[in-house]
Structure formats: C-alpha cells, structure tokens
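Scroll down for the structure; my scribbles are underneath it.
The values are calculated or read from the model by the stated rules, or taken from the named source; none is laboratory data. It should be emphasised that the depicted structure is a prediction, and the values quoted were computed from it without experimental measurement. Cβ: placed from backbone, ideal geometry, glycine included. Neighbour counts: every protein chain shown. These accessible areas exclude ligands, DNA and RNA; they are computed on the full protein's heavy atoms, side chains included. Shrake-Rupley method; radii C 1.70, N 1.55, O 1.52, S 1.80 Å.
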Amino acid sequence: MTTAIDRGAPAPEKAERRGSHALRWWVLAVLGVAQLMVVLDATVVNIALPAAQQDLGFSDADRQWVITGYALAFGSLLLLGGRLSDLFGRRNTFIVGLVGFAAASAIGGAAPNFEVLVAARVGQGVFGALLAPAALSLLTVTFTEPSERAKAFGIFGAVAGTGGAIGLLLGGALTEWANWRWVMFVNLAFAAVALVGAVLLLAKHVSAERPKLDIPGTVVVTAALFGIVYGFSHAETDGWTNGVTLAFLLGGAALLAVFVWLESRVAHPLLPLRILLDRTRAGSYMTVFVMGIGMFAIFLFLTYYMQLSLGYSPIKTGVAFLPMVAAMIVSSTTTPSLLLPKFGPKIVVAAGFLIAAAGMAWLTRIGLDTGYGTHILPALILMGLGLGGAMATAFQGATSGVHHEDAGVASAMINTSQQVGGSIGTALLSTIAASAATDYLSTAQPGPLAVAQAQIESYTTSFWWATAIFVLGAALSAVLMPNTQPAPAEGEPVLAH
C-alpha cells in the first residue's frame, strides 16, 4: 500500500520537504537563543560583580569564585554532557539543560549571600555543560545540505562569537538601569523561549539500544579538566610557581594522558579518538582554543581601559563593543557561503586570524587620552571581521563528517576548547599585564600619572601578546587544516511531526 510520503509520490514529498525546511530554521532560532544564553553568561556577570559585591558584602579575594565556579563546572563537565546527549537523546538533554540553567539562574538572582550565589553559578555551569553540546549537535544533524549548512553554521557561529560582547552590553544595561540581580533573572526569559520551541519542534528520542557510559574515562577527564581550569585560575591570583598551581596543572596534564590511553582501549569510549584524528576537526578545535586565549584580551583589558582610563560607564562600555558585534555577525553569516567554498577552510581561518591580529596590534597604540574613533573603533571592526569568519568556519569543521552517534561529544569538544582556552588566556594575560605594570612602576617617577600610565602599559603588553597568539593561530591552521570543504555530518530525524 502506498502512502502520501512514499517515494512514488513526488509532489507530496516536495511539499513535506518545504514544510520541514521552514521548521528547520525555527529550530535554528531556538538553538541560537539557548547558545546565546550560555555564551553571554560567561561575561554578563563581570560588569555586575562590583554591585553584587557591595550588596552581599564579600571580599575581593572571594569575588573571583563567582566567575571561577561557573568556569570550573562548565569546563570540566562538557565532554560528559556531550556524551550524555548522544546516549539519552539530544532533545532530552537540551530540555534538562534549559530547565536546570533557568532554575540555577533564579536561585542566583535571589541569592541572600555569597555562598548561595557561588552555588548557583556552579549550577549554571553544570547545566550549561549539558545544554551547549546538545544545541550544537542538534544543529549538526538538522542541517546536512551544504548550502543550508553554511548559512546555519554562520548564524550559529555569529551567536557564539558575539555572545561575550553582548553579555558586556546586557550586563552594563541591567546593572545601570535595574539591579545586578537581573543579570541572572534575564536567563529565565531566554530559557522560556527556547523551552517552548524545543517542546514544539524537536522530535522525541527513540533508541533500541541501552546506553553505555565510559565511567573510568568520565571520571578521569572530568578530574583532568577541573585540574587544568583550576590551575590556570589559581595562577592568576597566586602565580605560576605556586605549589597548588603547579600541582593542579601537572596533575591535570597527567590525567589527560591517562584519559587518552583509556579511550584507546575501552569498548564504548567517552571521546572516541577517531573524532580527534580527523584533520579538519582537529584544526577546528585548535582554532577555537587559540581564539579563546586571545579574545579574553579584548573583553577583559579593553573593558578595563574604557572604564578605568577613559571613564566610560558600564552601559557606554557595552555600546562601544557593538561595532565589533556587527562586524562579527556580517563576517560569520557571509564567510561560510561566499568565501569558504571558494578558498577552503585553511585559507579562511588563517586569514581570519591575521585580520584579527592586525586589529589587536592596532589597540597597542592606545594612550591615556586617545580617541575611540581613531584607536578603538577600527581595531574592533577588524577583530570582528577576522574572528567572525574563523569562528563560523571552525564551528562547521568541528562536526565535519561526524556520525550522528558522536555528534554530541564532537560538539562538546569545541565548547571545551573554547572554555579551556579562555581560562588559559585569562590567567596568562592577567599575569603578563600585572608584570608589565610592575616593571613600569619600578623605573617611573612615583605619582598618580605613573600609576595611570602603568595601567596603559599593562593593557598594551597584553594586546601585543594576544597579537602574537593570533599570528600563531594562523600558522597552526595553515599547517594542520586541509583545504577541503568540511563534509556534512550524518543527519537523523530531529523535527517533531
């Protein structure tokens, strides 16, 4: 018996495909909202921290835990979250992540003391580690046609790349016009929109096999990533030669080696090594890792410069980043469809890094009284154009040719690369900046002007290092990445009927 969707009925089949096509773009909107919520949460709290500290009365030494608590949970659990989405269904994991993230945000917004606020941030990190890989893997298996895939990954890459800058703007606006607690409460609106869309649009997971989880690998890699992220966070405040710093960094590196050994021997690995052995995927993870190191110089030190040296308010600082956001959106949405097919990922990513490096080098010319239009705006536009194109290409390449059963953990790898890179960048560049300021003050005439100029020296030194990091990223991508178009992942039904 022949039905309306059998192969022998071309007209109804085309009609169904048109309807499915429209639904796919709604799915992209839902996934984009969820991704934006997770990404901006890494920076939206930063601007609100001084107000939260004054309200809840915690010390400067404790303040870092509001940031570090989120980073530790998110960074160390991402691979587990990615594999859970493969085993128990991307829709289920996505919804659990959304609901949990919203609940943790509500608790953080209502926090009566410092301890509850940090616990809520850790909760956000835990559920974010479920949510972020599920969102990217859903995108991966939804868009498998090359032209649609390029557009979808371009839009998703733009969200991922601009989320940090949008977080600065949103954090400044909410802190200045409402209350610091709203930087947490605002996630409830994002989560509600994404949850309704997920329930209506995404198909329920059906599996005939009983899920199998690599428990030894999970424990080892979670401990390894925790050690590395904590080690770099500790280095930022206590230095690189501190015993605790060295113990966590060396211990984390040793556990990573044990993890690789385990994954080559177990029957159901948490991270199948075939995911890392593909050059396109490996190059993409490297791209996001290096980008994460350098981008923190933009958001962290440029924010300090605009607020402390130029006297910008939080909301004015956020608005100042908007040209970079616009440039990144333009680059992310046009590069995958226009430049990537013509030049290939090796050239696109390397060129993106070099353009971003030029923008970062431009920032080294700042001074105590330089103008926004001459010294900051051109640099932000260049960095937005360069990083946007490289980011969108890397997101597409990170899941290139991956089997749908591995889509979650392959997606988790790109988030893990970005998170660990960001932790390294924050610690490394903060240490370099502090050393530069100390060196300047040791030879300068004491006084307020010397202190102000020392801050400028710390910023420009970190910008020079970030420039070198981006140039290194260009060289690594030219060596590692093949110049072939990323293959689509193997798709599976993800739309509700």
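The separation of segment 98-150 from segment 30-45, counted between C-alpha centres, amounts to 8 Å. For the chain, a crude dipole built from +1 on the beta carbon of Lys and Arg and -1 on the beta carbon of Asp and Glu, taken about the Cα centre, is about 1040 debye to the nearest 20.
Counting only protein heavy atoms and a probe of 1.4 Å, the accessible surface of segment 172-249 is 68% carbon and sulfur. When volume of the Cα convex hull per residue in Å³ is calculated for this entry, the matching label among (1) 231; (2) 166; (3) 149 is (3). What net charge is computed for the residues neighbouring Leu77, neighbours being all others with C-beta under 14 Å from the C-beta of Leu77, Lys and Arg scored +1, Asp and Glu -1? So the environment of Leu77 carries a net charge of +2.
Of the whole protein surface, Phe88 contributes about 100 Å² of accessible area at a 1.4 Å probe radius. Accessible area per residue (1.4 Å probe, heavy atoms of protein chains only) ranks Leu472, Leu23 as Leu472, Leu23, with the largest value leading. Once backbone amide H atoms are built at 1.01 Å from N, Leu271 has no partners under 5 Å, excluding neighbours fewer than 5 places away on the same chain.
If you bin all the Cα-Cα distances of segment 273-394 at 5 Å, starting from zero, the percentages per bin are 2, 11, 20, 22, 16, 12, 8, 5, 3, 1, 0. Taking amide hydrogens as placed 1.01 Å from N in the peptide plane, the amide H of Leu202 sits under 5 Å from those of Ala496, each at least 5 positions away in sequence or on another chain. Probing with 1.4 Å while keeping every protein chain in the model, the per residue accessible area of the chain equals 40 Å².
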